[in-house]
1. Please go through the stretch 142-151 and pick out each residue that is crowded, with 19+ Cβ neighbours inside 10 Å and either in contact with a helix residue (DSSP H, G or I) (Cβ under 7 Å, 6 or more places away or on another chain) or more than 16 Å from residue 24 (Cβ to Cβ) (or both).
2. Given the conditions (1) more than 27 Å from residue 185 (Cα to Cα); (2) modelled with pLDDT under 95, report the number of the one that residue 50 does not fulfil.
3. Can you tell me which residue in the stretch 162-183 is farthest from the chain's Cα centre (by Cα), limited to those that are within 14 Å of residue 77 (Cβ to Cβ) and in contact (Cβ under 8 Å) with a residue 40 or more places away in the chain?
4. Does residue 139 satisfy the condition of being surrounded by fewer than 18 Cβ atoms within 10 Å (Cβ to Cβ), touching a residue at least 24 places away in the same chain (Cβ under 8 Å), touching a helix residue (DSSP H, G or I) at 6+ places or on another chain (Cβ under 8 Å) and not in a strand (DSSP E or B)?
5. Scan the stretch 193-203 and tell me whether some residue there is surrounded by fewer than 14 Cβ atoms within 10 Å (Cβ to Cβ), under 23 Å from residue 40 (Cα atoms) and without any contact (Cβ under 8 Å) to a residue 60 or more places away in the chain.
6. Would you mind stating whether residue 39 is part of a helix (DSSP H, G or I) and without any contact (Cβ under 8 Å) to a residue 60 or more places away in the chain?
7. Go through (1) assigned to a helix (DSSP H, G or I); (2) out of contact with any helix residue (DSSP H, G or I) (no Cβ under 8 Å at 6 or more places or on another chain); (3) in contact (Cβ under 8 Å) with a residue 24 or more places away in the chain and name the single condition residue 159 misses.
């Protein structure tokens, strides 16, 4: 791994060979992936290449299916994502051309099947498990041209997760149950079971 200070990820993305390129921005829940991914995409566009963010959240399995499988309370864990669908999209994106992709409506807590369309040269995928070194997730690894890990201290993650659930209307006790019962275990799994990234970005 290369830790900060180190190569500028924007410069590395801009220096990738031309053609469709896939970048994975990975980190635990509440690490700030969405914000960092959009900032990277904006910087890459400012550098003269088209870029677009593809969130992994569009591959959440629907709530009814999770309920039937007894996984509703673990939503956000690796088993609650459609990895086959994500891998199919990654393969299609690698071939180039315009590709539709699903997005996630947090207000409705539901996937929007054709919520986005990728036309940019640089696709920045962001998610918790894009570097997970277990089957079937490791099938994604060969497709990444550059991988970035967003490293955030555990105490910071915990505070962000508690604040996130309180902002969604849960009281302090409920927020703690959600953060400590699901989100933080998912964060620890992502840290422990992911392969090394090309660059570590520290918060």
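1. Result: 146, 148, 150.
2. Condition not satisfied by residue 50: (2).
3. My answer is 181.
4. yes
5. No, that holds for no residue.
6. Criteria met by residue 39.
7. The failed condition is (3).
The values are calculated or read from the model by the stated rules, or taken from the named source; none is laboratory data. Predicted, not measured: the structure shown is a model, and the values here were computed from it. Virtual Cβ from ideal backbone geometry, glycine too; neighbours counted across all protein chains shown.
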